[in-house]
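The values are calculated or read from the model by the stated rules, or taken from the named source; none is laboratory data. The structure presented is a predicted model; accordingly, all values stated were derived computationally and were not measured. We place every Cβ from the backbone using ideal geometry, glycine too, and count neighbours over all the protein chains shown.
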Amino acid sequence: MPNAFASLQPTPRSHFLLHYYGAVLRLLRYVEQSEPVDGEGVAHRYPFLARYRDEFERFLPQDAPPADAVDWWEAEIRDWQRDTETHLPLVALESLAAVGGQGRAVLMLAGLVQEDSRFGTLYAHLQEPLPSRRLTLGVVSQLLARNGMAAEIDSWETCRGLFDLGAMTAANPTAPRAEWMLHVPAAVWDAARGSLDHAPGGWCMIHPQTEYPALDALILPDDFLQRLGQTPAILAEGKASAFILRGTPGSDRLLVAGAMARALGRAVIEVNPPPSPSPENPDPLHPEEGRERPVAALAILANAIPVYSFELGPGETATLPDLLGYAGPVLVLMGTEGGLRGSRAEQALTLTLPPPDLSLRLRFWQSALNGAPVQDLEGISARFILPDRYIRQTAAMAVTQARLDHRETVELNDVRQAARALNRQMLDTLADRIESGGAWHQLVVGTTTLGKLHELQQRCLFRERLLDHLGSAFGSSANRGVRALFSGASGTGKTLAARILAAELGMDLYRVDLASVINKYIGETEKNLHQVLSRAEELDIILLLDEGDALLGQRTDVKSSNDRYANLETNYLLQRLEHYQGIVLVTTNAAQNIDTAFQRRMDVVVQFVPPQVDERWAIWQLHLPNDHSIGSDLLGRVAASCDLTGGQIRNAAQLATLLAVSEGNRPLGNRHLIEALRAEYRKAGAICPLEEARLPALPRFQLHEFIRLLT
């Protein structure tokens, strides 16, 4: 006899509908056994049941009606699905020993109200006096029983596996267990229907296999790709319960995880981690958001692998969920810091994505541009040291930038503008962007200082190529990072030198005041530093750490807990800078307070000293307007006698220009300059040297006359 459902296509949707009608049939059997269906019985009160019965009549054999329609219906479904190779969610769920056919039947019975709200009214009638429109745990045994033998079925044991998976929850968990109202989460029900949304509930994302490439198509170093290719077999054999992939946030770890899942024939459930507690917000989750997520149930129903992402700071540890009922592997994406705990973490395999070298970056750019014409692709690959995910984002924005200018060819400036937009998106909440600009001839410093700055520029230009030419003794201690210390009094040109260096290198410059990242809570300073340094490192910008002596100061003897934790912060920054892969500039006004360990680890140390007479003359010439009418003799006296720094000269020149403009755009003259110098010296609490030359000689002990002249 042909199968009753032979005309249906073996799809998840068809399979779900058959089990849905099977649950209705089971409910009808219970109603017929408990109440008469004629007269004023249930069928009269709920006429929609008759319509369901009419649907069953189309499939039931007319010549020999089955003694138990439920058993016959279940047998026909098993026969119909036997040769199906398509993944059927309910088959996967039923195959679990903790669930079985009984558990699958309860899930469908509890979910009937998801499809037809009229079943809620029927449940409320059958479960009186309980005012529940959902199926309760106490009625489960009666619905599953045959011939009224409900005592043979343990409702809780039947449903325990579903609760462990998160496929079913209690809407009223504080009530007695027999009165628990069984709730099937919407995402679980959609997965059972074969119509799971891409982002169910907002706490996870479902990615099908087709979104990801095969493992051998990934752009990765050959040795790493070879090790990665052995991982699916290890996970499939159960030799590891978790695979941890470490790398910077800019690396496309999810792409690698997706390729791994595809190799295992599975989709991906990207689970968004809940907010991490902090000293300011120790409990970030609200009760209504729920702490239990049906990850295990969705993984089984959707034939997917859960992927967790953790971005941890130094010293932080995350807990990897055990996922009761789910026996498959879990993929974990992490940064370079932090650790994991949990039973799965104890049996985990770990790999770390290496930063891409020039050849890999060239392949990334070619793939990301997808055939778009580009000018000097090799130069772009060498100039922008970005990880793969950021390369894809930058390439897409660069193509758009070129089209806005009505060009087909992507140029270096398009990539620079795209990278700058990416930097602003990622860094503006962590650091302050400083506009780069100028040239070295605009920086008036001594010959030694200028020579060290040119050395720093060369070090930055060839920082990656240098690694290929170092001797074997350097080993793994050498990296492409460049660390420089700018020391000198305020106003001697440290920030200006950083701006010019950024302009010469064609890079963005961001400043962080180290004093602002210090946090009173233990460990928070290290987290703040890690976040800033990691983001700047992978975006390949120049990071300016201002007021470096705030954290780079001399370590002290431990006499209190404050000394201990201050030393820990200094030690962390010392180690982090030593392994930093980008360009970092540290400025300080008190070089004598910098720990010697920091100075030793700096690649270049540049001393900025106050300008001498000829340098002050040159600085004045650069800052005064071209049409000024200041006499050369006065300007010479100012340069010789007014021992100002470059920053002070800039302030005085700006004020003098303002005074001239406020008088009707008159040319800047001697009077304006002298008044501006007086103001600058008053700010410093000193007397202008030009004024000192005009003070009369005071008779001895005439203190009152001295005070009068000063005021």
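One table, with the values for the structure above:
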{"item": "The range 318-349, residues that are polar (S, T, N, Q) and over 30 Å from Leu466 (Cβ atoms)", "result": "Thr319, Ser343, Gln347"}
{"item": "Residue list for the range 34-51, filter: in a helix (DSSP H, G or I) and either within 14 Å of Leu122 (Cα to Cα) or modelled with pLDDT under 75 (or both)", "result": "Ser34, Val42, Ala43, His44, Arg45, Phe48, Leu49, Ala50"}
{"item": "Residue selected from the range 209-238 under the condition exposed (fewer than 13 other Cβ atoms within 10 Å of the Cβ) and among the small types (Gly, Ala, Ser), by the criterion modelled with the lowest pLDDT", "result": "Gly238"}
{"item": "Number of the exception - Leu331 against (1) crowded, with 19+ Cβ neighbours inside 10 Å; (2) over 26 Å from Leu264 (Cα atoms)", "result": "(2)"}
{"item": "Selection within the range 471-497 - over 30 Å from Arg616 (Cβ atoms) and modelled with pLDDT of 75 or more", "result": "Gly471, Asn479, Arg480, Gly481, Val482, Arg483"}
{"item": "Restricting the range 247-265 to residues that are in a loop (DSSP other than H, G, I, E, B) and within 24 Å of the chain's Cα centre (by Cα), the residue that is farthest from Tyr326 (Cα to Cα)", "result": "Gly250"}
{"item": "Residue match in the range 239-246 (condition: under 20 Å from Leu320 (Cβ atoms), within 17 Å of the chain's Cα centre (by Cα) and surrounded by fewer than 20 Cβ atoms within 10 Å (Cβ to Cβ))", "result": "yes"}
{"item": "Test for Leu135: is it within 13 Å of Trp180 (Cβ to Cβ) and either surrounded by 14 or more Cβ atoms within 10 Å (Cβ to Cβ) or outside the structural domain of Pro321 (by TED's automatic domain parsing) (or both)", "result": "yes"}
{"item": "Residues satisfying the stated conditions in the range 647-672, i.e. among the hydrophobic types (A, V, I, L, M, F, W, C) and surrounded by 14 or more Cβ atoms within 10 Å (Cβ to Cβ)", "result": "Ile649, Ala652, Ala653, Leu655, Ala656, Leu659, Ala660, Leu668"}
{"item": "Only listed residue being surrounded by fewer than 21 Cβ atoms within 10 Å (Cβ to Cβ), more than 29 Å from Thr587 (Cβ to Cβ) and either in contact with a Ser or Thr (Cβ under 7 Å, 6 or more places away or on another chain) or touching a residue at least 24 places away in the same chain (Cβ under 8 Å) (or both), chosen from Glu378, Glu435, Glu455, Glu411", "result": "Glu411"}
{"item": "Subset tally (residues that are of a type in the set (D, E, K, R) and surrounded by fewer than 16 Cβ atoms within 10 Å (Cβ to Cβ)) for the range 180-208", "result": "1"}
{"item": "Test: residue in the range 64-87 that is in the same structural domain as Arg160 (by TED's automatic domain parsing), surrounded by 14 or more Cβ atoms within 10 Å (Cβ to Cβ), under 43 Å from the mean Cα position of the chain (by Cα) and not polar (S, T, N, Q)", "result": "yes"}
{"item": "Flag if Leu668 is over 46 Å from the mean Cα position of the chain (by Cα) and not assigned by TED's automatic domain parsing to the domain that holds Thr492", "result": "yes"}
